[in-house]
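The values are calculated or read from the model by the stated rules, or taken from the named source; none is laboratory data. None of these values were measured; they are calculated from a predicted model. Cβ: placed from backbone, ideal geometry, glycine included. Neighbour counts: every protein chain shown. Accessible surface is based on the protein model in full, side chains and every heavy atom, while ligands, DNA and RNA are left aside. Shrake-Rupley method; radii C 1.70, N 1.55, O 1.52, S 1.80 Å.
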Amino acid sequence: MTQRKFPAVFMRGGTSKAIMFHARDLPSERAEWDAIFLAAMGSPDPHGRQLDGMGGGISSLSKVCVIAPSQREDADIDYTFAQVQVKQARVDYGANCGNMSSAVGPFALDEGLVTAADSEATVRIFNTNTRKLIHSIFGVHGGRAAVEGALAIPGVAGSGAPIRLDFIEPGGATTGRLLPSGNASDVLDIPGLGRMEISMVDAANACAFVAAEALGLKGTEMPEELERNAAALDALAAIRLHASVAMGVAGTLDAARARTAIPFIGFVSPAQDAPTLSGERLSSSAADVTLRMISNGQPHRALPLSASLCAAVAARIEGSTVWKAARRDAGDRLRLAMPSGVLTVGAQVRHDDAGWHATRGSFYRTARRLFEGYVYA
C-alpha cells in the first residue's frame with residue numbers, strides 16, 4: 001500500500017510531545033483516524049520503542065492533537081486529544097492531556113486560526129474529549145506565540161515563555177460528577193487486596209487516589225523502581241479497574257480493561273524528603289503532598305497535568321485520601337512532589353448545600369514548536 005502524507009506539526013507541550021493536525025487535513029470520517037495515528041506513531045510495537053514512527057516508546061510521547069476552528073460562541077478552537085497506545089493497536093479518545101493543552105493556543109495562533117496583537121493572547125479552547133473549556137493565556141511577539149522566557153518546569157531542560165492554562169468548571173469531565181460516588185472516599189473490596197480506601201474524583205480527568213502506605217509503599221518510589229515492582233503495579237491496576245466500574249466510567253471489569261487511559265490511578269503520601277530524576281533531593285518543606293501517577297500501565301516521570309489538577313481539587317475536599325495526606329495550610333495552591341521535582345497547581349473549590357464544586361484549576365506550562373512538514377502513514 002502506498003504511504004499517505006499529511007501536513008503536521010510536531011510540538012512539545014509541557015512534559016509531553018505530540019503530532020498536531022488540522023482537522024481539515026484529516027479524513028472527514030473519524031473511523032479512518034485511528035489507522036493514520038497508529039502508523040504515524042509507529043504502533044503497535046511489541047518492543048515498546050515505536051522506532052517505525054514518531055512515538056518515543058512511553059505514553060507521554062505517543063500523542064496526537066487535532067485542532068479546528070470552533071463553532072461555539074464561548075470558544076475559539078476545538079481540540080481533540082488522542083492517546084496512541086505503544087504496544088497495542090488502540091487509540092483512546094476518552095481523556096484530555098493537560099500538558100498538550102498548553103501547545104494548542106500557540107499552535108492556533110502560529111497557524112493563523114486565531115489572531116492577536118503583540119503583548120498577550122487569550123485563546124478559548126473547547127476540549128471535545130471532556131467537553132470542557134480551557135483558557136490559554138500566553139505572550140505574543142511579532143504575531144507569533146512567544147517561546148523564549150524564564151519559566152522552568154520540572155522534567156524539561158532549560159526555560160521558556162509561560163503559558164497559563166485555566167480549566168473552567170473542571171468537575172465531571174469524564175462522568176458528569178466531581179465525586180462520582182457522592183463520597184470523598186469509598187472502601188472498595190478488591191480481590192487479592194481486601195478492603196481499600198479509595199478517593200474517586202473527576203476533575204479535568206477521572207482519577208482514583210489511594211494512600212501509599214495502604215499498598216506497602218513509601219510514596220517516594222522512582223519510576224524505574226515501580227516498573228520493577230510487579231506486585232505494586234498489579235495492585236494499582238486492579239484498583240484502577242474496580243474504581244472505573246465504581247465511578248461509572250466502565251460498566252464491567254472487562255470494559256474497564258479496554259479503557260486504558262482513564263481513570264488515572266495514583267498513590268499519595270505526606271510531603272517528605274525524596275530524590276528526583278535529576279539527582280537532586282527534595283526537602284519535605286518544598287511540597288505539600290507527594291504523588292505518583294500511573295496511566296496506561298506506566299509510571300509517570302512527570303505528573304500528567306490533568307491528574308495533577310484533579311489531585312489539587314481532591315486536596316481541598318475534606319475526607320479524601322489526598323486531603324488526609326496534604327498539609328492543612330496548602331490553601332488554593334498545592335505543591336505536588338513528583339519524580340521530576342515540584343509542580344504547583346491552583347484549584348478553587350467550594351462546598352455548599354449541593355456538595356463540593358470545583359470552579360477553576362490553573363497552572364503554568366511552556367511549549368515549543370519542534371518542526372513542521374508532513375508525516376507519513
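Given the criteria surrounded by fewer than 19 Cβ atoms within 10 Å (Cβ to Cβ), free of Cβ contacts under 8 Å to residues at least 24 places away in the same chain and either of a type in the set (A, V, I, L, M) or in a loop (DSSP other than H, G, I, E, B) (or both), does D74 qualify?
Spelling it out, it is not the case that D74 is surrounded by fewer than 19 Cβ atoms within 10 Å (Cβ to Cβ), free of Cβ contacts under 8 Å to residues at least 24 places away in the same chain and either of a type in the set (A, V, I, L, M) or in a loop (DSSP other than H, G, I, E, B) (or both).
Within region 205-214, the set of residues being buried (at least 19 other Cβ atoms within 10 Å of the Cβ) and either modelled with pLDDT of 95 or more or within 14 Å of T290 (Cα to Cα) (or both) comprises A206, C207, A208, F209, V210, A211, A212. Considering A271, A287, which residue is modelled with pLDDT of 95 or more and either open to solvent by less than 10 Å² (accessible area, probe 1.4 Å) or over 17 Å from L343 (Cβ atoms) (or both)? The conditions single out A287. Being among the aliphatic types (A, V, I, L, M), open to solvent by 50 Å² or more (accessible area, probe 1.4 Å) and at pLDDT 95 or above is a property that L370 has. Within region 351-363, the set of residues being more than 15 Å from V201 (Cβ to Cβ) and open to solvent by 40 Å² or more (accessible area, probe 1.4 Å) comprises D352, D353, A354, R360.
Looking only at region 165-179, decide whether some residue is in contact (Cβ under 8 Å) with a residue 12 or more places away in the chain, among the polar types (S, T, N, Q) and closer than 22 Å to A8 by Cβ. No, every residue in region 165-179 fails to be in contact (Cβ under 8 Å) with a residue 12 or more places away in the chain, among the polar types (S, T, N, Q) and closer than 22 Å to A8 by Cβ.
Within region 31-52, is there a residue that is in contact (Cβ under 8 Å) with a residue 24 or more places away in the chain, in a loop (DSSP other than H, G, I, E, B) and hydrophobic (A, V, I, L, M, F, W, C)? No, because not a single residue in region 31-52 is in contact (Cβ under 8 Å) with a residue 24 or more places away in the chain, in a loop (DSSP other than H, G, I, E, B) and hydrophobic (A, V, I, L, M, F, W, C).
Out of all the residues in region 20-59, which are polar (S, T, N, Q) and out of contact with any helix residue (DSSP H, G or I) (no Cβ under 7 Å at 6 or more places or on another chain)? If the condition is that a residue be polar (S, T, N, Q) and out of contact with any helix residue (DSSP H, G or I) (no Cβ under 7 Å at 6 or more places or on another chain), then S28, S43, S59 are the ones that fit. Filtered by the rule that a residue be in contact (Cβ under 8 Å) with a residue 12 or more places away in the chain, over 21 Å from E280 (Cα atoms) and open to solvent by 30 Å² or more (accessible area, probe 1.4 Å), region 332-350 gives D332, R333, Q348. The residues in region 1-19 that are crowded, with 21+ Cβ neighbours inside 10 Å and not in a strand (DSSP E or B) can be counted, and the count is 2. Taken over region 246-265, residues that are in a helix (DSSP H, G or I), under 21 Å from N96 (Cα atoms) and without any contact (Cβ under 8 Å) to a residue 24 or more places away in the chain amount to 4. Only one entry of L179, L233 meets the criterion of being within 28 Å of M100 (Cα to Cα), in a loop (DSSP other than H, G, I, E, B) and modelled with pLDDT of 95 or more, and that entry is L179. In this entry, L217 is excluded by the filter for residues that are in a loop (DSSP other than H, G, I, E, B), over 27 Å from D273 (Cβ atoms) and at pLDDT 95 or above.
What about L226, is it of a type in the set (A, V, I, L, M), assigned to a helix (DSSP H, G or I), in contact with a helix residue (DSSP H, G or I) (Cβ under 9 Å, 6 or more places away or on another chain) and surrounded by fewer than 18 Cβ atoms within 10 Å (Cβ to Cβ)? The answer is no for L226.
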